1. Based on what the data block shows, is ASN41 part of a strand (DSSP E or B) and either of a type outside the set (Gly, Ala, Ser) or at pLDDT below 95 (or both)?
2. Looking at region 7-36 only, could you name the residues that are over 14 Å from the mean Cα position of the chain (by Cα), open to solvent by 60 Å² or more (accessible area, probe 1.4 Å) and without any contact (Cβ under 8 Å) to a residue 12 or more places away in the chain?
3. Quick one: which of ALA74, ALA67 is hydrophobic (A, V, I, L, M, F, W, C), without any contact (Cβ under 8 Å) to a residue 40 or more places away in the chain, more than 20 Å from LEU6 (Cα to Cα) and not in a helix (DSSP H, G or I)?
4. Considering only residues that are β-branched (Val, Ile, Thr) and over 13 Å from LEU117 (Cα atoms), look in region 49-85 and name the one that is nearest to the chain's Cα centre (by Cα).
5. What is the number of the single condition among (1) in contact with a Leu (Cβ under 9 Å, 6 or more places away or on another chain); (2) assigned to a strand (DSSP E or B) that VAL62 does not meet?
6. Filter region 51-108 down to the residues that are within 19 Å of VAL40 (Cβ to Cβ), open to solvent by 40 Å² or more (accessible area, probe 1.4 Å) and in contact with an Asp or Glu (Cβ under 9 Å, 6 or more places away or on another chain) and list them by number.
7. So, in region 40-54, of the ones that are touching a residue at least 12 places away in the same chain (Cβ under 8 Å) and not aliphatic (A, V, I, L, M), which residue ends up nearest to THR100 (Cα to Cα)?
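The values are calculated or read from the model by the stated rules, or taken from the named source; none is laboratory data. All values derive from a computational prediction rather than experimental measurement. Because the Cβ atoms are built from the backbone with ideal geometry, glycine has one as well, and the counts that use them run over all protein chains shown. SASA here: full protein model, heavy atoms, side chains in, ligands and nucleic acids out. Shrake-Rupley method; radii C 1.70, N 1.55, O 1.52, S 1.80 Å.
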Amino acid sequence: MNIIELLGLKTTLLSAEKTIVTVDVTKQLMQPYGLVHGGVNALLAETAASLGANATLPERQVAVGVALNTHHLAPVSQGTLVATATPISVGHRLQVWQVTIHEAQTNTLTSTSTVTLTTKTRTI
């Protein structure tokens, strides 16, 4: 089982133009103070951007993250987080994606991220 399966992330839209990944807020996502851990925002952002970036590539290539910048904007203690990734730049070797995360019930913007990925030849 990988971390995406372990934490229950779900891909609801996957394309080279937009990717959406969701996760229900559970106690497994919390830090000790009852709020979603900031690392969950980073995990959602890199997951959504990576899936979208890989949708732009031929099968023999894979996009992997090389930089991630996340801003936590609002605390979350319940609901569903929705990460929406859209490309800023898709080049031959590098891709940059913008990811916004909001809580579904309140539509509150909870974080934004910029994810940079590089293209590698698939070895597996």
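1. no
2. LYS27, PRO32, TYR33 - these are the residues of region 7-36 that are over 14 Å from the mean Cα position of the chain (by Cα), open to solvent by 60 Å² or more (accessible area, probe 1.4 Å) and without any contact (Cβ under 8 Å) to a residue 12 or more places away in the chain.
3. Just one listed residue meets the conditions, ALA74.
4. Applying the filter and picking the extreme gives THR84.
5. Of (1) in contact with a Leu (Cβ under 9 Å, 6 or more places away or on another chain); (2) assigned to a strand (DSSP E or B), only one is false for VAL62: (1).
6. Selection gives LEU68, GLN78.
7. Selected residue: ASN41.
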